[in-house]
Amino acid sequence: MSKKTNINDPRRGFLRIPVLQIVILLVINAGAYCINLSAGIYLSVCLLLYSLCSFLLYWRAYQQKGSHLHDIVAGSGQIQRRLLKELNIPYALVDLAGDIVWMNESMRQVAKKDKTYHKSISGVIPEIVPEVFPKTDQKTTLSFAYEEHIYRAEMDKISLTYGLNETGIEELGGFQGDLVSLILYDETELQWYKQEVENEKMVAGVLYLDNYDEALETIEEVRRSLLLALLDRRINKYFSAYDGIVRKVESDKYFIVLNNKEFQQMCKDKFSLLEAIKNVNIGNDMAVTLSMGFGINGDSFIQNYEFARAAIDLALGRGGDQAVIKSPEDNLYFGGKAKQVERNTRVKARVKAQALREIMEANGRVFIMGHSIGDADSFGASIGLYRAAKTINRRAYIVINEVTVSLRPLMERFLKSSDYEEDIFINSTRALELVNEESTVIVVDVNNPERCECTELLSRTGNIVVFDHHRQSKDVIRNAVLGYVEPYASSTCEMVAEMLQYFDENIKIRNIEADSIYAGIMIDTNNFVRKTGVRTFEAAAYLRRCGADVSRVRKMFREDMATYKARAAMIQNAEVYRERFAITVCPGETLESPTVVCAQAANELLNVIGIKASFALTPYKSQIYVSARSVDELNVQVIMERLGGGGHLNIAGAQLKCSLEEAKEKIRETLDQMIEEGDL
């Protein structure tokens, strides 16, 4: 028997009863001597004989019981050893360095090694390394694929004791210390069933033809039915290849159902239908584009359909020609490379103008705000809506916290004029004091609540109106009672100028107000050379009739020499990446509004031959502001979205919390990744 025995032996108290009896008899014998010597001697002899007999009998029983206990321990060890070795579950003991100490027959079959293999477990299963071993008494689990099987490993830290040494496992020998017990559970079949359930989940989809009416108007009436038939055939053929069901619910709307397995293959294909549908041409001057919205991973079929409805609204709000996938966790975007098609009808502008008037008349004060670090577009749109509110005798405020150098000339004209209230412009603190549940909050030139001038203002009332020309992202103002988001518009000022014509026939826009709205259009279109359409010039013409003066506006946007030199330095030091992307940095320390200079430099860099997109960076308020610009060949919004920003096709931006060098590297990595994935 080993001297290192730690087991509590029950035989240790076996002789306590006879010893106690002898002690009692000795006391009696001592008393007998006090009474009579002869009786004491006689009793002593009898006590001696009794003690000898008792010890002999109890010793013999003691030996028999010990032998029986030894047999039980040995038998238990044999059973334990047999169970461990013949267990149908792979089991192994590994030391803390990762070397195999012992493994049963099932583990040997998995590892394809014999019992003499005592090398590192990672040489057999690369996923199991000492770094994943449990550091405490808590078990750790790890899932991995090995030899076309999927296993779940359970690891537990144990100490090698006498009980383990006596199991008869020869490999343990005299090993002392801590080991890791490793059990492998084959979950291949379980995972297969889980994957089958996942594959058979229903995916709901909605498909809209973006420019259905406009495309039909470009061809003869006799050929329109042929165009519709070709579109139907291509759509049905595409989804039939993925075992999907397509039903036409309206002339330009389809409902789609397919399973998740085929849908994932469609995602890998990156929805080639978006490009294929543009090739349908039977003489139509305008290529047909479509938008798709899909709902996945909902708790029910109804929820997936609701996700699909929300996704198609998001796709249309971003300008169409794309697929949006909505799930409970996130939104995914595909496509969106085509330039938005301008619609010639002004019906929507008239409807929105009437709805805005009804909302204003039904409520009290009006609060108008743009995005943080406002620009000419947000300011001009705010002025236009201020005039609309005043036309129907509503008290209106424009919320603005920081006045940039580009806005100061415009704002000073209002502050110096006696025709306007002294508190026409208020900050966020004052706005929160004045707002109540009966107020109307109008958000312009932004649809992301986190980028508004005063985000908290949105939670103070349920009467929220949104006017914007940027493509929507996943973070949008969701509780708006009226939303007018048109990505095809050149600017929010263009949208406001159109609405003002239908808001009230007696509306009178003053010269100073017309200048501000005109300035917003001029800045966002880069002096009417980018993203301008028929309606852009019509809006500008309306403002000119209201008294806007081009020369007066241009004078207000003249800049000082320091700003001019800073922009020139940015262009001179620009880095050309991959022969088509320009990246530059603005020295913002000496400038009052470096973000404005960034935007200007990004615009200027597009005039260089071969440059398809430009990125201007500047440190401002402990962040790196990125201004991205592009020509029609490339969509900078999808690039900025990957960096947490947004915008629209040719104008976008982002804010990064890192150093300048890290920001530049992130842009390079994003461009490389998107080129490899075929998104650029």
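The values are calculated or read from the model by the stated rules, or taken from the named source; none is laboratory data. Note that the coordinates shown come from a computational prediction; the quantities given were computed from them, not determined experimentally. All Cβ positions, glycine included, derive from the backbone under ideal geometry; neighbour counts span all protein chains shown.
In table form, for the structure just shown:
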read-out: Verdict on Glu306 being touching a strand residue (DSSP E or B) at 6+ places or on another chain (Cβ under 7 Å), in the same structural domain as Pro328 (by TED's automatic domain parsing) and free of Cβ contacts under 8 Å to residues at least 60 places away in the same chain; value: yes
read-out: Test: Ile79 is of a type in the set (Val, Ile, Thr) and either modelled with pLDDT of 85 or more or closer than 21 Å to Tyr185 by Cβ (or both); value: no
read-out: Close pairs from the stretch 232-253: first in a helix (DSSP H, G or I), partner of a type in the set (Lys, Arg), Cβ under 8 Å, at least 6 apart; value: Asp232/Lys248
read-out: Of all residues in the stretch 96-139 being of a type in the set (Asp, Glu) and over 15 Å from Glu154 (Cα atoms), the one that is surrounded by the fewest Cβ atoms within 10 Å (Cβ to Cβ); value: Asp114
read-out: Residue count for the stretch 577-596, restricted to those that are at pLDDT 85 or above and surrounded by 14 or more Cβ atoms within 10 Å (Cβ to Cβ); value: 8
read-out: From the options Asp375, Asp419, residue that is touching a residue at least 24 places away in the same chain (Cβ under 8 Å) and surrounded by fewer than 17 Cβ atoms within 10 Å (Cβ to Cβ); value: Asp419
read-out: Enumeration of residues in the stretch 637-665 that are over 21 Å from Asp445 (Cβ atoms), in a helix (DSSP H, G or I) and under 19 Å from the mean Cα position of the chain (by Cα); value: Arg642
read-out: Hey, Phe537 surrounded by fewer than 18 Cβ atoms within 10 Å (Cβ to Cβ), aromatic (Phe, Trp, Tyr) and either under 24 Å from Ile667 (Cα atoms) or in the same structural domain as Ser382 (by TED's automatic domain parsing) (or both) or not; value: yes
read-out: From Glu433, Glu456, Glu421, residue being closer than 29 Å to Pro594 by Cα and among the acidic types (Asp, Glu); value: Glu456
read-out: Subset of the stretch 609-634 that is over 25 Å from Thr590 (Cβ atoms) and without any contact (Cβ under 8 Å) to a residue 40 or more places away in the chain - its residue that is surrounded by the most Cβ atoms within 10 Å (Cβ to Cβ); value: Ala613
read-out: Residue within the stretch 451-467 that is under 30 Å from the mean Cα position of the chain (by Cα) and among the aromatic types (Phe, Trp, Tyr) present; value: yes
read-out: Out of Gly384, Gly319, Gly380, sole residue that is in the same structural domain as Ile302 (by TED's automatic domain parsing) and within 26 Å of Ser490 (Cβ to Cβ); value: Gly319
read-out: Filter result (acidic (Asp, Glu) and surrounded by 20 or more Cβ atoms within 10 Å (Cβ to Cβ)) within the stretch 454-497; value: Asp468, Glu486, Glu494
read-out: The stretch 499-525 residues that are touching a residue at least 40 places away in the same chain (Cβ under 8 Å) and part of a helix (DSSP H, G or I), paired with ones that are of a type in the set (Asp, Glu) and surrounded by fewer than 24 Cβ atoms within 10 Å (Cβ to Cβ) (beta carbon under 7 Å, 6 or more apart); value: Asp515/Asp549; Ile523/Asp375
read-out: Residues of the stretch 515-547 satisfying the condition of being under 20 Å from Asp445 (Cβ atoms), among the small types (Gly, Ala, Ser) and modelled with pLDDT of 90 or more; value: Ser516, Ala519, Gly520, Ala539, Ala540
read-out: Flag if Lys337 is over 19 Å from Val446 (Cα atoms), surrounded by fewer than 22 Cβ atoms within 10 Å (Cβ to Cβ) and at pLDDT below 85; value: yes
read-out: Single match in Gln637, Gln655 (criterion: buried (at least 24 other Cβ atoms within 10 Å of the Cβ), assigned by TED's automatic domain parsing to the domain that holds Thr590, touching a residue at least 12 places away in the same chain (Cβ under 8 Å) and not charged (D, E, K, R)); value: Gln637
read-out: Only one of Thr391, Thr404, Thr429 that is among the β-branched types (Val, Ile, Thr) and over 23 Å from Ala548 (Cβ atoms); value: Thr429
read-out: Residue check, Ser418 farther than 27 Å from Val351 by Cβ and among the small types (Gly, Ala, Ser); value: yes
read-out: Single unsatisfied condition, Asp156 versus (1) in a strand (DSSP E or B); (2) modelled with pLDDT under 85; value: (2)
read-out: Residue list for the stretch 515-547, restricted to those being over 42 Å from the mean Cα position of the chain (by Cα) and under 10 Å from Gly380 (Cβ atoms); value: Leu543
read-out: Answer residue from the stretch 422-453, given it is β-branched (Val, Ile, Thr) and part of a loop (DSSP other than H, G, I, E, B) and is surrounded by the most Cβ atoms within 10 Å (Cβ to Cβ) among those; value: Val446
